[in-house]
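Beneath this line is the structure, given in structure tokens, with notes to follow.
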Amino acid sequence: MGEKVYRELLEVMKSRAGPYAGSNIPEFFALVEELFDPEEAEINNALPRRPASIDEIAVKTVRSSEEVSEILERMAGRGLCGVSKTSDGELFRGLPFMPGIFEFIFIGGGESERERTVSRLIHAYKKAYSQAKGLEKISYPLTRVILVSRTIRAGNTIHTYDQVMTYIDKYDVIGVGACYCRHAAKLRGEELHGIPVGVCMWFGEIAENITERLGGRQVTKEEARGIVDRCEEAGLIHMSRNTTDEIDFMCNCDRWHCEVVGQVLRQPKPGFIFNSGFKPTFDAERCSACETCIERCPSEALTMGEAHVPVVNTDRCFGCGVCATGCPESAIAMENKPGFPDPPKTVKALVTALKNSAQG
């Protein structure tokens, strides 16, 4: 069953799409054979993208519901499948590599030898995948930047979805786990230079799953706000799915390790496919030309102008507000970016926008 099941897994991971979807290269098989034993690979291949019951999944295999339940529990505890709770019991679904399996594996912040091995195999697979595929053009934003409302200039239109605190206030259950990108880098021996790792947030049902099964921890709203403050002090970017109504996670990303930011920065105009819909403005009287904002800018969109006031390159600017939160003179505020479109409301609307963009 071994080789055949992993060949089938390749096609399954291709169909689930997302960054680093399945690719027929040796590094893919080295990775999946470490992640899934043959039994788990078989069950993974039977998992639909929509949540399904154990009995429904068992029908697709030659195994009993009891056997499938045991294997799924093992997989769920290692971040290899998604879990949803309903009044009729738990439902399970298949996950893409990203966003999904790669992030879930490292949420607990573990440092076992297996986790170190997986981090190296993922890194090797991503490198080989990128070399084989070349630069993949992002035609429509899958993710978006979210601001902190205190950095927005008075008089600007501020939607609830523009503000980090909207999501902290909305959900009763908030979970926090390790940033996959930084934790995996740490396991490979890379230096993080003091950037916090355990600061990625999950909300609602998915927060329950990561705290119950994957080693994440549940936090209060007050603790979550404190984490946001730490992230801003470190110059991190608040980022989530490019929707307004269906947000269940918020990453706090850096420019050196973050997978999303890295891919965006390789695009011709990063600011057009990863943005908050805002841009920085500078108060010339307050500005002391200290260049703190230039040093902090994750997209290197700022340069010092002739009038000793920073100038912004909107082709590169994310509208992340990292410059504003770090300005010692409070000389920077964010304002609406003219003509910037509203994000899709739902995941379904986002998928439609992605398809339309790809066809265009």
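The values are calculated or read from the model by the stated rules, or taken from the named source; none is laboratory data. Just so you know, these numbers come straight off a predicted model, no measurement behind them. Don't worry about glycine lacking a Cβ; one is built from the backbone with ideal geometry, like all the others, and counts go over all protein chains shown. In case anyone asks, the SASA skips ligands and DNA or RNA and just uses the protein heavy atoms, side chains included. Shrake-Rupley method; radii C 1.70, N 1.55, O 1.52, S 1.80 Å.
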task = At 0.36 nm per residue, minus the direct Cα-Cα distance, what do Phe340 and His193 gain on full extension? Give it in nm, one decimal, please.
result = 49.5 nm
remark   = Computed, not fitted: 222 nm per-residue ellipticity of the chain from DSSP H runs ≥ 4 (each -39500 (n - 2.57)), nearest 500, equal to -11500 deg cm²/dmol
message = Output the 0 to 90 degree angle, nearest 10, between the alpha-carbon long axis of helix 2-15 and the longest principal axis computed from the alpha carbons of the chain.
response = 40 degrees
ask   = Taking the Cα atoms only, what angle lies between the long axis of helix 347-359 and the longest principal axis of the chain, rounded to 10 degrees?
value = 80 degrees
ask   = Tell me, what is the per residue accessible area of the range 136-292 in Å², probe radius 1.4 Å?
value = 43 Å²
ask   = Of the GluC sites (Glu not before Pro) in the range 278-311, which ones lie in a loop per DSSP and count no more than 10 other C-beta atoms within 10 Å?
value = Glu285, Glu306
query = For the range 90-128, list residues with backbone N below 18 Å from a point placed 7 Å from the Cα of Asp37 toward its Cβ?
reply = 113-115, 118
inquiry  = Can you sort Asp342, Asp229, Asp37, Asp88 by solvent-accessible area, 1.4 Å probe, largest first?
reply    = Asp88, Asp342, Asp229, Asp37
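Given a 1.4 angstrom probe, I'd like the percentage of the accessible area of the chain that is carbon and sulfur, rounded to a whole number.
Carbon plus sulfur share of accessible area: 50 percent.
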key: Total formal charge among the other residues, if their Cβ is under 11 angstrom from that of Ala178, Lys/Arg +1 and Asp/Glu -1   = 0
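Which value, in Å², gives the accessible area per residue of the range 1-130 when a 1.4 Å probe is used on the protein heavy atoms?
Values: 5750 Å² over 130 residues.
Per residue, the range 1-130 has 44 Å² of solvent-accessible surface.
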query = Once you put a point 7 Å from the Cα of Arg217 and another 7 Å from the Cα of Val309, both along the Cβ direction, what distance in nm separates them?
reply = 4.5 nm
query = Under the classification rounded if a/c is under 1.5, otherwise prolate if a/b is larger than b/c and oblate if not, where does the range 1-55 fall, given a ≥ b ≥ c as square roots of the Cα gyration tensor eigenvalues?
reply = oblate
query = By average Cβ neighbour count within 10 Å, what is the ranking of 64-71, 132-139 from highest down?
reply = 64-71, 132-139
With Cα atoms, 0 to 90° folded angle of helix 26-35 axis to the chain main axis = 70 degrees
request  = Give the residue from Ala128, Ser112, Leu47 lying farthest towards the positive end of the charge dipole for the range 1-143; charges sit on Cβ (+1 for Lys and Arg, -1 for Asp and Glu) and the dipole is referred to the Cα centre.
outcome  = Ala128
